[in-house]
Amino acid sequence: MDLAAIVVVAENGAIGKDGDLLCHLPADLKHFKYITMGHTIIMGRRTWESLPKGALPGRKNVVITRNADFVAEGAEVYHSLEEALEATAADGARFIIGGGMLYSEAFPLTNTLHLTRLHASFPDADTFFPEYDQQDWEEVSREDHDADERNPYPYSFIELRRK
């Protein structure tokens, strides 16, 4: 099974606050688009609802919700991670894109982690990435970047593969 997670994680493990990202990081949005384009992205309902324009173009959008009546225009809706993974088994690369509850449930099944490490802490965050043992993962690639006029914090793009 080819299942990856893609996420921005601050130094303190934070990934969100009040149903939104921690900050606006244009370089990460471009990186996210590059990595996920043409593939299946799997998200929870709240992540879906946080997308400003609905379905992300050029990708198969999959939403997981327990609400049997939920409809997501431009996306396929499933009622469990297991159901979504079965339905997308032939899709090739699939990416878990959030939120916190879905990362926690799916993380044991992932074999690749596309991590944008935000070199800052956000003490008022309310959503966190699951803790994991870094010894279980091998760093495949890393690009370090300084803050600049468009990206307010230094960050690193890191690809990890489960050993």
Failed item in (1) without any contact (Cβ under 8 Å) to a residue 24 or more places away in the chain; (2) open to solvent by less than 60 Å² (accessible area, probe 1.4 Å); (3) closer than 26 Å to Glu131 by Cβ, with Asn61 passing the rest
(3)
Looking for something among the hydroxyl-bearing types (Ser, Thr, Tyr) and in contact with a strand residue (DSSP E or B) (Cβ under 7 Å, 6 or more places away or on another chain) - is there at least one such residue anywhere in the stretch 25-34?
no
Looking at Ser80, is it over 26 Å from Glu149 (Cβ atoms) and open to solvent by less than 70 Å² (accessible area, probe 1.4 Å)?
yes
Inside the stretch 78-94, the number of residues satisfying the requirement of being assigned to a loop (DSSP other than H, G, I, E, B) and closer than 12 Å to Gly44 by Cβ is 2
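Select from the stretch 39-58 the residues that are in contact with a strand residue (DSSP E or B) (Cβ under 7 Å, 6 or more places away or on another chain) and either open to solvent by less than 30 Å² (accessible area, probe 1.4 Å) or at pLDDT 95 or above (or both) and list them in ascending order.
His39, Thr40, Ile41, Ile42, Met43, Gly44, Arg45, Thr47, Trp48, Ala55, Leu56
One residue is enough: does the stretch 76-87 have a residue meeting the conditions of a type in the set (A, V, I, L, M, F, W, C) and within 25 Å of Leu118 (Cβ to Cβ)?
At the first step, the residues of the stretch 76-87 found to be of a type in the set (A, V, I, L, M, F, W, C) are 77, 81, 84-85, 87.
In the following step, the residues that additionally are within 25 Å of Leu118 (Cβ to Cβ) were identified as none.
No, every residue in the stretch 76-87 fails to be of a type in the set (A, V, I, L, M, F, W, C) and within 25 Å of Leu118 (Cβ to Cβ).
So that you can scan it fast, the table gives a plain yes or no per residue for (1) surrounded by fewer than 19 Cβ atoms within 10 Å (Cβ to Cβ); (2) small (Gly, Ala, Ser); (3) under 29 Å from Gln134 (Cα atoms); (4) within 14 Å of the chain's Cα centre (by Cα):
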residue: Asn12; (1), (2), (3), (4): yes, no, yes, no
residue: Gly16; (1), (2), (3), (4): no, yes, yes, yes
residue: Cys23; (1), (2), (3), (4): yes, no, yes, no
residue: Asp28; (1), (2), (3), (4): no, no, yes, yes
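The values are calculated or read from the model by the stated rules, or taken from the named source; none is laboratory data. Please read all numbers here as calculations on a predicted model, not as lab measurements. Reconstructed Cβ throughout: ideal geometry from the backbone, glycine too, with neighbour counts over all protein chains shown. Accessible surface areas use protein heavy atoms only, side chains included; no ligands, DNA or RNA. Shrake-Rupley method; radii C 1.70, N 1.55, O 1.52, S 1.80 Å.
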